[in-house]
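To keep things clear, I will list the structure first and then write my remarks on it.
The values are calculated or read from the model by the stated rules, or taken from the named source; none is laboratory data. Predicted model only: the values in this text are computed from it and were never measured. Cβ coordinates were reconstructed from backbone atoms using ideal geometry, including for glycine residues, and neighbour counts include every protein chain displayed. Ligands, DNA and RNA are stripped out before the accessible areas are found, and what is left, the full protein with its side chains, is counted by its heavy atoms. Shrake-Rupley method; radii C 1.70, N 1.55, O 1.52, S 1.80 Å.
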Amino acid sequence: MGTPIVVGVDGFAESPPAAHWAAREALLRDLRLRLIHAWNPPSPEAPTLPHEDDLHYWAQRLLSDLVGELRDAHPGLRVSAELVPRETVPALLDAARDAEMLVLGSRGRGTPGGFLLGSTGRHVLAHGERPMIMVHADDRPLTADVTVGVCLRGTNEETLRFAFDAAARRGGALRAVHAGAGGPGTEEVGAAGASAADALDAALRPWREKYPGVPVAEALTSERPALGVMHTAPGSGLLVLGREETEPGPVPCLGSVIHAAVHHAPCPVAVVPCG
């Protein structure tokens with residue numbers, strides 16, 4: 001049956017759009033969809049709180065209503081839902097470990113500070129072992145094209161595999177961008193620009209051969225990576241970025257490109273663990 005696509009669901013408005021994006025992706029890949037809502041139960045010693053049963057009821061109702069909505073909108077979808085009695089971060093990370101990908105709703109573009117669910121989103125993005133997709137509530141219209149950020153100083157294998165596969169499944173084109181190098185119209189074209197162009201071409205070549213039906217456009221820009229990637233993404237249905245291993249700590253550092261993408265990209269963002 002294949003590994004499922006997991007969606008983290010909460011009571012906010014971004015959850016349904018994320019679940020519908022994941023449902024389309026599940027049908028595209030012929031995979032099951034699994035909805036997860038983490039529920040923090042009180043300790044056995046804690047007294048029963050007023051309305052606790054009501055809160056549990058509404059959590060179950062949230063999932064059952066969303067399952068019905070998804071089945072109506074996406075005929076043939078195999079979908080299940082689960083209320084998980086655990087803290088949110090470990091529940092999502094454990095569920096994603098055996099999944100094809102984890103899909104989460106992102107709280108909106110341009111919001112100052114924080115990520116999805118504050119520290120929850122930061123920890124999930126920093127420590128997830130499978131691709132994680134952040135979906136904004138207003139990610140429309142969908143297109144088949146995919147943009148991928150390519151770092152020429154690191155490993156790109158997992159990132160490019162995910163991006164080429166996504167473009168092939170959608171029947172779209174792939175736009176590969178490397179930002180921070182000398183580019184056309186700058187004074188730094190010279191050897192540095194030529195070297196970057198050669199390195200980008202070399203990184204893409206084996207994947208072009210594996211996916212000959214995917215049209216590929218290469219882009220080099222001298223803009224800072226976060227800006228360069230953002231300026232290349234418009235018109236795409238998905239932006240794919242690699243995430244290097246992060247140092248453990250109370251506040252995970254995701255890097256400026258992922259930070260900017262989650263807040264400002266005009267489309268869903270896939271963060272793919274590398275290495």
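When you scan the range 246-256, do you find a residue that is modelled with pLDDT of 90 or more and open to solvent by less than 30 Å² (accessible area, probe 1.4 Å), even just one?
No, there is no match, as no residue in the range 246-256 is modelled with pLDDT of 90 or more and open to solvent by less than 30 Å² (accessible area, probe 1.4 Å).
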Quick count over the range 168-227, residues being within 25 Å of the chain's Cα centre (by Cα), part of a loop (DSSP other than H, G, I, E, B), at pLDDT below 95 and buried (at least 20 other Cβ atoms within 10 Å of the Cβ), is 1
Go through (1) over 15 Å from the mean Cα position of the chain (by Cα); (2) modelled with pLDDT under 90 one by one and return the number of the condition Asp94 breaks.
(2)
Hey, any hits in the range 67-77 for a residue that's at pLDDT below 95 and among the aliphatic types (A, V, I, L, M)?
no
Only residues that are out of contact with any Leu (no Cβ under 7 Å at 6 or more places or on another chain), open to solvent by 50 Å² or more (accessible area, probe 1.4 Å) and either under 19 Å from Val135 (Cα atoms) or at pLDDT below 80 (or both): list them for the range 10-31, please.
Phe12, Ala13, Arg24, Leu28
Could you tell me how many of the residues in the range 97-127 are at pLDDT 95 or above, more than 14 Å from Glu14 (Cβ to Cβ) and either hydrophobic (A, V, I, L, M, F, W, C) or assigned to a helix (DSSP H, G or I) (or both)?
3
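Might you let me know whether the range 131-138 holds any residue that is at pLDDT below 90, at negative phi and surrounded by 14 or more Cβ atoms within 10 Å (Cβ to Cβ)?
Kept after step one, since they are at pLDDT below 90, are these residues of the range 131-138: 136-138.
In the following step, the residues that additionally are at negative phi were identified as 136-138.
If we keep only those that are surrounded by 14 or more Cβ atoms within 10 Å (Cβ to Cβ) as well, we get 136-137.
Yes: the range 131-138 contains one or more residues that are at pLDDT below 90, at negative phi and surrounded by 14 or more Cβ atoms within 10 Å (Cβ to Cβ).
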